1. Between Val286 and Lys380, what is the spin-label point distance in nm, taking each point 7 Å from the Cα along the Cα→C-beta axis?
2. Can you tally the net charge around Ser147? Count Lys and Arg as +1, Asp and Glu as -1, for every other residue whose Cβ sits under 12 Å from the Cβ of Ser147.
3. Mark the label point 7 Å from the Cα of Arg170 along Cα→Cβ and return the residues of the stretch 88-113 whose backbone N is within less than 15 Å of it.
4. Quick one: net charge around Ile337, please, counting Lys, Arg +1 and Asp, Glu -1 for every other residue with C-beta under 12 Å from its C-beta.
5. Please find, in a Gaussian network model of the chain (springs between Cα atoms separated by less than 10 Å), the residue of Met222, Met347, Met153 whose mean-square fluctuation is greatest.
6. What's the center-to-center distance, using Cα atoms, between the stretch 318-363 and the stretch 235-253 in Å?
7. Mind listing the long-range amide H neighbours of Thr375? Cut-off is under 5 Å, sequence gap 5 or more, other chains count too, H placed in the peptide plane at 1.01 Å from N.
8. Please list, in order along the stretch 199-211, the HN-Hα scalar couplings obtained from phi with the Karplus expression 6.51 cos²θ - 1.76 cosθ + 1.60 (θ = phi - 60°), rounded to whole Hz, x for Gly and Pro.
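Just so it is clear, none of the values below were taken in a lab; they were calculated from the coordinates. Computed from a predicted structure; not experimentally measured. Every residue, glycine among them, receives a Cβ derived from its backbone with ideal geometry; neighbour counts consider all protein chains shown.
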Amino acid sequence: MSSESANRNDHRHRADEGTRGANRVAVTGYGALTPLGLGAEPTWSALRAGRSGIRHIGVDVADNAPVRIAGTIDPAYVEAVPVRERRRLDRAEQYTLLAGREAWAMAGRPEVDPDRLATSVGTAYGGIGSIGIQEHVRVTEGPRRVSPHLVTMLLPNGPAAWLSIELGARAGAHAPTTACAAGAQGLATGLDLIRAGRADVVVAGGADAGVTPLSLTGFAQMRALSTNPDPAAASRPFDQDRDGFVLAEGAVVLVLEREDHARARGATVYGYLDGASVTSDGRDIVNADPANQARTITAALRDADAGPADVGLVHAHATSTPAGDRNESDALTGAGITAPVTATKSMTGHMLGASGAAGALAALLALRDHVIPPTVNTEKVDPEIPHDVVTEARRTDADLALVNSFGFGGHNVALVVRSR
């Protein structure tokens, strides 16, 4: 063996140790609140069964918005949040606490040095719901009736901050606000913090509560929303008749932990976040660049010491917009990905900042249960999309999944999840 070859092999060995050794990042807990239910497992059961959480919404939510369907959260779920907290917290913050408490309990409420514990929760809209409600109060009832908590309710760092307060985390409350890629970037940030040695545990994910009259109207005005009157059939990723996405809300949180830290305390490891890439297009606020998306995918796989052939399934961003789904398909082709593709937004709708974390959770549980959840409503795949779109639940022996997440502003995030 030449010295050059030996050096390459030695470099690869050290890379393996970095990715798959002491600094590998394990998932030791997870929690969710989605249009499909309160809790990660109820959400997953609904996804496996192909059940939709998209529904008609009442005038109290939609007001005079031109679209009257969305993936909303059952108000009964937030009754688990004490009344005092509900008065102080925006819905996105409440959702984060519910998902975070589930994840933390599942992880065994680990004893960790507060200076080594961080939160990282992304959001697209922050407290947009509270802004609308309190502006209405100001106009109709006067400024003295506006909540004294409004400022902390509307700030986009709120979900990360309140979760850090809940847990006593002092290694940073990180709050990516990268539109629809924010939840995935929340996880990528957690991965980076642990790898860099700045935290042992990061409670990470995404949250949004953006189903409001103003947001529904804004997305409808840019012709991004589906106008299909049938809620369960409206979100149709990769289908030739797709006509836009369905707005939704929720929160998904994972507990990320340095593997040796988790093993030392006897924690159960449910899988690994082995790679991530965060990039930007730098070219347009709305129109995505498939070449840069492909670059992001390739970089995430490289970060996980993997290649296109190692990918056993793809959880696609796939919002059900005509251009967006085609762009992502082109990106997968450009990155050499041929694995089966699923898009669970067909059932949840697009939860904006929560969607990337929801994709990571779905991928993690798909690898655990050896089942790829279906992309419902995709009756005939767009002929310009050459990928194997999973339209019925399918068994898989995959141990590595790619999760894509893209956002307005040219934000691109790709994650690599492994089961072992």
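1. Each label point is offset 7 Å from its Cα along the Cβ direction, giving 2.8 nm.
2. Numbers: positive: Arg86, Arg87, Arg88, Arg138, Arg144, Arg145; negative: Asp90, Glu135, Glu141.
Value of the local net charge: +3.
3. 112-113
4. Details: positive: none; negative: Asp310, Glu328, Asp330, Asp388.
For residues surrounding Ile337, the net value is -4.
5. Comparing Met222, Met347, Met153 in the GNM, the peak value goes to Met222.
6. Comparing the Cα centres of the stretch 318-363 and the stretch 235-253, I get a distance of 9 Å.
7. Under 5 Å from the amide H of Thr375 lie the amide H atoms of Ala343, Val390, Thr391, Glu392, each far enough along the sequence or on another chain.
8. 7, 9, 9, 10, 8, 9, x, x, 7, 7, 9, x, 7
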